[in-house]
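K.L.:
This is the structure I want to talk about, given as structure tokens.
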Amino acid sequence: MAPSAMEGVVSTRDAWMTLPPPTLHPVKEARFEKYLEPQTDGRKRALALPQGQAAIVIDNGSYNVRAGWSFEDKPRLSIPPIMSKYRDRKLAKTFSFAGQDCYADTTARGHIRNAFEAGTGIVSNWDVMEHVLDHIFIKLGMNGVEGGIDMPIVMTEAVANFPYSRKSMAEIIFECYQAPSLVTGIDSLFSYRHNKGDTGLVVSSSYSSTHLIPIYNQKPMLAQATRLNWGGWHEAEYLLKLIKLKYHTGFPGKLNASQAEQMVRDFCYVSLDYDKELSGYLEWTGLEDRERIVQYPYTEEVIIQKSEEELARIAERKKESGRRLQEQAAKMRLERLMKKEEELEYYKDVQRRLVDQTKKETKRILDDAEVKDEAQLEKIIKELEKTIRKQRTKDLGEPEEEQEAPDFSLLDVPDDQLDEAGIKQKRQQRLLKSNHDARARARAEKEAEKARIAEEARLDEERRTNDLEAWLEDKRQARLAKLAQIKERDRLKADLGNRKSLASQIRMKNIANLASDTPTGGSRKRRRGGDDDDFGADDADWGVYRSVAIGANKGDSDDDEEGEEDLEAAVRALEADLLEYDKDFTYENTLEAQNDWSKSLLHAFRYGPRPFDPSNPAETHRLHLNVERIRVPEVIFQPSAIAGVDQAGIVEIAGDILNQRLMGLGGEEYRDEFLRDVFLTGGNTLFENFDERLRRGLMGLLPAGSELRVRRAGDAVLDAWRGAAGWAGTGECRRARVTRQEYEEKGGEYMKVRLPLTLVGERDVLTSDIGA
């Protein structure tokens, strides 16, 4: 490969070194801030006002419940609608917490319950709701009031709230707290009133859902309202699923929904052109600016740094220790060698003493030497000589003597011509000859293999010289075949890790078949109740073990590792030839380049534009958010295409209301009045570019030249409470209230159909009843 090309590759791979240090964002989650004392001054101010001018305003949201006094400009409390209750057995006491106080105790965190059904704005746990209301009234200074709550209550509720839910809330307010009156309304309409709205389309996206409500002359057209079942809760759950899918191999940090909510709020934004931005989001250029890194807590391994002098002393001590060990080992080997030589001299002396001795004397000498017979003595002497010779060659560096050719002379002698000792020696010679022949065959095969490889190299070089194009094509095809084998190997590994894959199912079926009393699939079956198990009599029976063992511990055995190395080594050899002789084949085409992290889209997706060190605990405890930053907020515009939610997006819903329903009611001029005020409220509309994206989407659905104005609420989170507080002191509110006397006279069933839904202006115009 050309040097310039190699330099370009290296610079691309090392480009991360020029990047600034990554910006790390600590993980956030809901936690206890501080204890809030009951505030009695608010009630004193309320009592000082004229009758009916003060009220307790509660924005009953599924994310936060905000409560305060109607004569103030902001709520005094903002707590999640949760409670926790548990009993301490050691203290024999029951502890209960509400709101943020649930996060003050470790045990309490494990017993948290929510008043609302997950992902909806409907109260489902009334015990928790009552506990949250207790907490609110206590903090507002109502704890010392005798007989219950002596202030009117204004409360928000969900659009098209269930009659049962409205009835249950009325029962709690009137029967539990003895409140003088209650009135409820839709939070988004209160926000619209606070922002001086008259005619327009209210787009309210909150924690539990998104609603689009047209309003004409301050009258909500609830029959034309539409809900999209997507909100902040769904976005947090969706982000949590994306993170778990992204780090499917396991993330060491503890993930929860509260952390995901904070990530959505802090890092996500709406893309003005989602498809275009998504296509280039993971490009290496500028990726460090687009991604956000969330650092989770971790335990850092403390490594004591030593100076160069200390390291040099340690190295010298290790070297000296190694030298002493080597000397001791050499001394021990020399002692063993001397001992062997003494033994050899002793047995040779015994052999010399046996010359010209009688059988009786020979037996006595052999018994003294603890040797069975002369043949065993000869064997001991030969083994000692062989051992000493090897030891001298290894330790003392003496030249290796040529080994004598083994003696197999007895193999040609018939057994009837040999005595018992000769027959035994003949058996030994036969065994030695088989080993000698096997080693000779192995050496011959090794030499033949070397010759074959040399011949193949010669023929390959000859073919390359004579027909380069055909030679290159063969190399390309051989490389593709090896790559296919590597791919198949990786697929098999993945399949065996998945219990539902065909490979795993077949393996488990074979194991179950082996464990069965009546195994099937073989040529023979074990008879029930019999002991004649003839498994293995047929060679085909043993194939089942092969199918069970293949891939059982893939990657664990030495053979598997050698096989993987052989495949990759073969690919590298083929690619080296192609790099040298094929001008169209560059480093970018090699397997190494394809596996290089700096060219991996998956690496950029998981770990960003920097290398990843799995041994570094700080790096393993980091979440890299990139495409999720625009993918999560995009669901509200494309719920079906991205998250699989079978509903239309917010732009399609708004276009249907404006172009179909309103056009059918009053024509184009009637519709244009709504276009002049598309109002955004709710915490889920606070994403960057949310208003501009909605405006661009609607412009594409409207006729050219249409006058369209999209505006945000002054405070998308608190304006609902402020609108309800501003309306609470008006005469319209007093006329719309349902008093405790009316409730006691007509009962809870009557409350289900008479309690107002929306209150944003004159009662005769804006109050909408369920029974209407």
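The values are calculated or read from the model by the stated rules, or taken from the named source; none is laboratory data. Every value quoted in this text rests on a predicted model; they were computed, and no experiment measured them. Methodologically, a virtual Cβ is constructed for each residue, glycine included, from the backbone with ideal geometry; neighbour enumeration extends over all protein chains shown. Just so you know, the surface numbers come from the protein's heavy atoms only, side chains and all, with ligands and any DNA or RNA stripped out. Shrake-Rupley method; radii C 1.70, N 1.55, O 1.52, S 1.80 Å.
K.L.:
Could you pull out the trypsin sites (Lys or Arg not before Pro) across the range 143-211 that fall in loop regions by DSSP (anything but H, G, I, E, B) with no more than 15 other Cβ atoms inside 10 Å? Numbers along the way, then the final one.
P.N.:
Numbers: sites: R166, K167, R193, K196; in loops: K196.
Here the trypsin sites (Lys or Arg not before Pro) that fit, given the DSSP loop and packing criteria, are K196.
K.L.:
Return one whole number: the accessible area per residue of the chain in Å², for a 1.4 Å probe. Provide the component values of the computation, followed by the final result.
P.N.:
Values: 45000 Å² over 772 residues.
That works out to 58 Å² for each residue.
K.L.:
May I pose another question? Extending each Cα 7 Å along its Cβ direction at L418 and L278, get the distance between those two points in nm, one decimal.
P.N.:
Placing both labels 7 Å beyond Cα along the Cβ direction yields 8.4 nm.
K.L.:
With everything on Cα atoms, drop me the angle between helix 690-699 and the longest principal axis of the chain, reported from 0 to 90° to the nearest 10.
P.N.:
That works out to roughly 80 degrees.
K.L.:
Run the reach check for K306 against lysines, Cα to Cα strictly under 23 Å, same-chain hits fewer than 8 apart removed. What comes back?
P.N.:
Here the lysines satisfying the reach criterion relative to K306 are K318, K319.
K.L.:
Can you tell me the length gained on complete extension of the stretch K340 to K433, counting 0.36 nm per residue apart and subtracting the Cα distance?
P.N.:
On the way: separation 93, 0.36 × 93 = 33.48 nm, distance 2.71 nm.
Extra length available between K340 and K433 comes to 30.8 nm.
K.L.:
Could you check the simple spin-label distance between E449 and N595, using points 7 Å along Cα→Cβ, in nm with one decimal?
P.N.:
2.3
K.L.:
Cα centroid distance between the range 349-376 and the range 480-494, in Å?
P.N.:
67
K.L.:
If I model a spin label at Q485 and K363 as a point 7 Å from the Cα along the Cα→Cβ vector, what separation in nanometres do I get?
P.N.:
6.6
K.L.:
Further question: Which of the residue pairs K44/K196; K246/K482; K339/K363; K379/K426 have a Cα-Cα distance greater than 20 Å in the structure shown? Display every interim value, and only then the final one.
P.N.:
Details: K44/K196 31 Å; K246/K482 30 Å; K339/K363 26 Å; K379/K426 14 Å.
Beyond 20 Å: K44/K196; K246/K482; K339/K363.
K.L.:
How far is helix 308-353 tilted, in degrees, relative to the longest principal axis of the Cα atoms in the chain, given as a value from 0 to 90 rounded to the nearest 10?
P.N.:
30
K.L.:
Please give the length that would be gained between V355 and L411 if that part of the chain were fully extended, namely 0.36 nm times their separation in residues minus their C-alpha to C-alpha distance (nm, one decimal). Don't jump to the answer; show the numbers that get you there.
P.N.:
Working: separation 56, 0.36 × 56 = 20.16 nm, distance 2.71 nm.
So the chain would gain 17.4 nm between V355 and L411.
K.L.:
In addition: Calculate what fraction, in whole %, of the accessible area of the range 582-630 sits on carbon and sulfur atoms when a 1.4 Å probe is rolled over the protein chains.
P.N.:
Working: 1140 of 2210 Å².
Within the range 582-630, the accessible surface is 52 percent carbon and sulfur.
K.L.:
How far is helix 719-728 tilted, in degrees, relative to the longest principal axis of the Cα atoms in the chain, given as a value from 0 to 90 rounded to the nearest 10?
P.N.:
Compared with the principal axis, the helix lies near 20 degrees.
K.L.:
Can you return the aspartates and glutamates within cross-link range of K509? Criterion is Cα-Cα under 16 Å, with same-chain partners fewer than 8 residues away left out.
P.N.:
D495, D517, D541
K.L.:
Quantify, in whole percent, the carbon and sulfur part of the accessible surface of the range 27-143 (1.4 Å probe; protein heavy atoms only). Numbers along the way, then the final one.
P.N.:
Working: 2810 of 6060 Å².
Here carbon and sulfur together make up 46 percent of the probe-accessible area.
K.L.:
As an exercise, use a Förster radius of 30 Å and the Cβ-Cβ distance of T23 and Y587 to find the FRET efficiency, rounded to the nearest 0.05. Before the final figure, lay out the partial values.
P.N.:
On the way: r = 33 Å, r/R0 = 1.09.
Calculated value: 0.35.
K.L.:
Using the Cα centre of the chain as origin and beta-carbon charges of +1 (Lys, Arg) and -1 (Asp, Glu), tell me which of L36, A728, Q53 is placed farthest towards the positive end of the dipole.
P.N.:
Going by the Cα projections, it comes out as Q53.
K.L.:
Work out the FRET efficiency for Q328 and K394 from their Cβ-Cβ distance, taking R0 = 22 Å, and round it to the nearest 0.05. Kindly include the intermediate steps, with their values, before the conclusion.
P.N.:
Values: r = 17 Å, r/R0 = 0.77.
Computed FRET efficiency for Q328 and K394 comes out at 0.85.
K.L.:
Please work out whether the range 327-450 counts as rounded, prolate or oblate from its C-alpha gyration tensor, where a ≥ b ≥ c are the square roots of the eigenvalues and a/c under 1.5 means rounded, while otherwise a/b larger than b/c means prolate and anything else oblate? Mind showing how you got there, number by number?
P.N.:
Numbers: a/c = 3.05, a/b = 1.08, b/c = 2.84.
Since a/c reaches 1.5 but b/c is at least a/b, the shape of the range 327-450 is classed as oblate.
K.L.:
Could you work out the relative contact order of the chain, using alpha carbon pairs under 8 angstrom and six or more residues apart, expressed as a whole percent?
P.N.:
Across the chain, relative contact order equals 23 percent.
K.L.:
About the Cα centre of the chain, how large is the charge dipole given +1 on each Lys and Arg Cβ and -1 on each Asp and Glu Cβ? Please answer in debye to the nearest 20.
P.N.:
Details: 118 positive and 138 negative charges, 628 e Å.
The calculation lands at about 3020 debye.
K.L.:
Might you report the magnitude of the Cβ-based charge dipole of the range 308-398 about its Cα centre, with Lys and Arg at +1 and Asp and Glu at -1, to the nearest 20 debye? Each step should come with its number before you reach the end.
P.N.:
Numbers: 26 positive and 24 negative charges, 42 e Å.
Magnitude of the dipole: close to 200 debye.
K.L.:
When a/c reaches 1.5 or more, the comparison of a/b and b/c decides; with that in mind, is the range 143-204 rounded, prolate or oblate per its Cα gyration tensor? Intermediate values should be presented prior to the final figure.
P.N.:
Values: a/c = 4.16, a/b = 1.89, b/c = 2.21.
Judged from the Cα gyration tensor, the range 143-204 comes out oblate (a/c at least 1.5, b/c at or above a/b).
K.L.:
In whole angstrom, how far apart do the alpha carbon centroids of the range 33-79 and the range 592-617 sit?
P.N.:
Here the answer is 53 Å between Cα centres.
K.L.:
To continue, here is another question. Determine the sum of side-chain charges near R740: Lys and Arg each +1, Asp and Glu each -1, restricted to other residues whose C-beta is under 12 angstrom from that of R740.
P.N.:
Values: positive: R737, K746; negative: D150, E171, E175, E742, E744, E745.
With Lys, Arg at +1 and Asp, Glu at -1, the net is -4.
K.L.:
Which of the aspartates and glutamates could a cross-linker bridge to K599, judged by Cα under 13 Å and excluding same-chain residues fewer than eight apart?
P.N.:
D14, E283, E588
K.L.:
On to the next question. Going by the alpha-carbon gyration tensor, a ≥ b ≥ c the square roots of its eigenvalues, is the range 640-694 rounded (a/c under 1.5) or, if a/c is not under 1.5, prolate (a/b greater than b/c) versus oblate? Kindly include the intermediate steps, with their values, before the conclusion.
P.N.:
Details: a/c = 3.07, a/b = 1.44, b/c = 2.14.
Oblate.
K.L.:
Right, another one. I'd like to know which of Q428, A444, A454 lies farthest towards the positive end of the charge dipole of the range 415-459, counting +1 on Cβ of Lys and Arg and -1 on Cβ of Asp and Glu.
P.N.:
Comparing the listed Cα positions along the dipole, A454 ranks first.
K.L.:
Pick out, from Q328, G250, L278, the residue whose Cα sits farthest towards the positive end of the charge dipole of the range 245-353, with +1 on the Cβ of Lys and Arg and -1 on the Cβ of Asp and Glu.
P.N.:
The listed residue farthest towards the positive side: Q328.
K.L.:
How much of the accessible area of the range 308-398, probe 1.4 Å, is carbon plus sulfur, in whole percent?
P.N.:
Values: 3670 of 7420 Å².
Taking all protein chains in place, the range 308-398 shows 49 percent carbon and sulfur surface.
K.L.:
Would you kindly compute the Cα radius of gyration of the chain and its largest Cα-Cα separation (Dmax), both in Å?
P.N.:
Here Rg and the maximum Cα pair distance are 43.4, 142 Å.
K.L.:
Express in nm, to one decimal, how much length is gained between Q660 and Y164 on full extension, taking 0.36 nm for each residue of separation and deducting their alpha carbon distance. Please list the in-between numbers first.
P.N.:
On the way: separation 496, 0.36 × 496 = 178.56 nm, distance 3.30 nm.
The span from Q660 to Y164 would gain 175.3 nm if fully extended.
K.L.:
Sticking with this structure for a sec: Roughly what % of DSSP beta bridges within the chain run antiparallel, to the nearest 5?
P.N.:
Working: 35 of 53 bridges.
Given both bridge residues lie in the chain, the antiparallel proportion sits at roughly 65 percent.
K.L.:
Let me ask something else. With charges only on Cβ, +1 for K and R and -1 for D and E, what is the dipole size of the range 415-459 about its Cα centre, in debye, rounded to 20?
P.N.:
Numbers: 12 positive and 10 negative charges, 46 e Å.
With Lys and Arg at +1 and Asp and Glu at -1, about 220 debye.
K.L.:
Using a 1.4 Å probe on the protein heavy atoms only, what accessible surface does L665 show? Give it in Å² to the nearest 10.
P.N.:
Spelled out: L665, probe radius 1.4 Å, area about 100 Å².
K.L.:
For the range 230-305, which GluC sites (Glu not before Pro) are both in a DSSP coil and crowded by at most 13 other Cβ atoms within 10 Å?
P.N.:
Values: sites: E235, E237, E261, E277, E283, E288, E291, E300, E301; in loops: E283, E291, E300, E301.
Of the GluC sites (Glu not before Pro), the ones in loops of the range 230-305 whose Cβ has at most 13 other Cβ atoms within 10 Å are E283, E300, E301.
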